[in-house]
Amino acid sequence: MKNPFFSIIIPVRTETEYLKETLTKLKKQSFKSFEILIITDKISGPVSPAIKRNLGAKKAKGEYLAFLDDDSYPSKDWLKHASKLFKTDIAALCGPCLTPPADNIFQKASGLVWSSYLGSGGAGTYRNSVKSKRFVDDFPSVNLIVKKSDFDKVNGFDTHHWPGEDTILCSNLVYKLNKKILYHPKVIVYHHRRNVVVPHLQQITRYALHRGNFARIYPKTSFRLGYLLPSFFSLYLISLIFFHPIYYLLPLFLYLFLLLLTFTTYLLNYSSIQLSFLATITIPATHIYYGILFIIGFFSKKLDFVPHQTNDKGYIGG
């Protein structure tokens, strides 16, 4: 039987050390039937990652499009496992996006926030830690492999949004084509994190704004309790200025208890007080910041992509 052929598509602004690392890791893939398409500004101009990915898809020769961010790299058997998982009713595969072992303690703290039950909220811990296989309807393009035929049927990524183009693509695959997206714990990619606290919060700025906006305009996959809770929590904290009888403080005490429980879990799992403390204090900062921006995004009529919004590692949203 003929091996499937993958087209690995990576949108970048310019070449970075992270990209060099990605290419080195790709050369070590145990499954060799693939091509690599790096779409830089020289090829596409200073446009959004969605436009770059669509351009890469048009150039792709593979029957499967494997999307990576410019600050991520796959596990050795990434494509080997993926090659065995596609079936007729499966339009896409995805898997855990783990923190690279070489990341510093501030990056690892960010990774712990994303992978914990209290920190990840509506995104789900399975996105950033190894969990059991399941079908999903929304997943980031940092680790997303799509059948080219199905990708073309839904006209690829929506180029009016960044981030969020992957949310729309996944929704179209599941609810327009009636296909499935399989999350599998062996389809692993390592994704470099932003340092806590400020770079971490800068990264989620567009995530929060767009998820809030999507909760209004694409409610099927975004108007969900997990995404709404940080906003409820932020509004609750503001209301404490005006209402503070003892019974009204019970939700705050519960939240502080959950933070303590999370800190203890971190400490037991990683045996580092500094790492555990950094991750724990970042959780409420993330919830409050995300919650407020989610509300702003919900009531925003339009959110525009600004091509120059990057940092020295590449796209802010990546």
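Of the residues in the stretch 60-119, how many are of a type in the set (Gly, Ala, Ser), in contact with a Lys or Arg (Cβ under 6 Å, 6 or more places away or on another chain) and not assigned by TED's automatic domain parsing to the domain that holds Ile36?
Adding up the residues that qualify gives 2.
Which pairs turn up if I take residues in the stretch 276-303 that are without any contact (Cβ under 8 Å) to a residue 12 or more places away in the chain and closer than 21 Å to His210 by Cβ and look for partners that are buried (at least 19 other Cβ atoms within 10 Å of the Cβ) and among the hydrophobic types (A, V, I, L, M, F, W, C) with beta carbon separation below 8 Å, at least 6 apart in sequence or on another chain?
none
Please verify whether the stretch 28-37 includes one or more residues that are surrounded by 15 or more Cβ atoms within 10 Å (Cβ to Cβ) and acidic (Asp, Glu).
no
Restricting the search to the stretch 181-209, which residues are over 12 Å from the mean Cα position of the chain (by Cα) and farther than 21 Å from Gly164 by Cβ?
The answer is Leu182, His184, Pro185, Lys186, Val187, Ile188, Asn195, Val196, Val197, Val198.
Have a look at Ser141, Ser149 and point out the one that is touching a residue at least 40 places away in the same chain (Cβ under 8 Å), within 20 Å of Ser7 (Cα to Cα) and either assigned to a helix (DSSP H, G or I) or of a type in the set (Val, Ile, Thr) (or both).
Of the residues listed, the single one that is touching a residue at least 40 places away in the same chain (Cβ under 8 Å), within 20 Å of Ser7 (Cα to Cα) and either assigned to a helix (DSSP H, G or I) or of a type in the set (Val, Ile, Thr) (or both) is Ser149.
Looking at Ser272, Ser231, which one is surrounded by 16 or more Cβ atoms within 10 Å (Cβ to Cβ) and either in contact with a Gly (Cβ under 6 Å, 6 or more places away or on another chain) or within 26 Å of Arg193 (Cα to Cα) (or both)?
Ser231
The values are calculated or read from the model by the stated rules, or taken from the named source; none is laboratory data. The structure displayed is predicted, hence computed values, not measured ones. Positions of Cβ are backbone-derived with ideal geometry, glycine not excepted, and every protein chain shown enters the neighbour counts.
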